[in-house]
1. So how much slack lies between Thr10 and Ser96, counting 0.36 nm per residue of separation and subtracting their Cα-Cα distance, in nm?
2. What is the log10 of I(q)/I(0) for the chain, computed with the Debye formula using one identical point scatterer on each Cα and no solvent, at q = 0.14, 0.16, 0.17 Å⁻¹?
3. Please enumerate, by chain and number, the lysines with C-alpha under 30 Å from the C-alpha of Lys141, excluding those fewer than 8 residues away in the same chain.
4. With runs of 4+ DSSP H residues as the only contributors, calculate the mean residue ellipticity of the chain at 222 nm using -39,500 (n - 2.57) per run, divided by the residue total and rounded to the nearest 500.
5. Could you rank the peptides 32-38, 106-112, 67-73, 9-15 by their average count of other C-beta atoms within 10 Å per residue, with the highest value first?
Amino acid sequence: MPIWFTPVTTEHLNRFSEKTMVQHIGIVFTEVGDTYLKAKMPVDERTIQPAGLLHGGASLVLAETLGSVAAYLCLDPKSKTCVGLEINANHIRSVSSGFVYGHVNPIHIGNSTHIWEIRITDENDQLVCVSRITMAVLDKK
């Protein structure tokens, strides 16, 4: 059974991301499952560090994008919103070209907090980064 408050498509998520950092660095939502989202991000001049490797901060942008969007999609947007409280990441493998792929799954969906795990893999499905984000759920004013 889907955890999303209302049905959503990748087309909607990609349109929602227009003219934001998400679009600027090339993140594209690729799949919406019942309890997860997937997106891909290029490893190119927008996302590498001076040594030519995927920048850890870019991995965190992908992770935060997936976790924040997933949390928001679980809420009634008329009465609730969410903001990031904490994010962490372990960078496991370097990547110098191609794409990386993020997959977000819930760990905890509560009334006041959500915790989400994001796994980022390379084109060979090898783990590049694992991240966890904690989101605060707030009443809209």
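1. Here the segment from Thr10 to Ser96 would lengthen by 28.3 nm.
2. Debye curve over Cα of the chain, log10 I(q)/I(0) at q = 0.14, 0.16, 0.17 Å⁻¹: -0.61, -0.79, -0.89.
3. Output for Lys141: Lys19, Lys78, Lys80.
4. -6000 deg cm²/dmol
5. Those peptides, ordered most packed to least, come out 67-73, 32-38, 9-15, 106-112.
Each value in this text was obtained by applying a stated rule to the coordinates, not by laboratory testing. Every value quoted in this text rests on a predicted model; they were computed, and no experiment measured them. In this analysis, Cβ positions are derived from the backbone assuming ideal geometry, glycine residues included, and neighbour counts consider all displayed protein chains.
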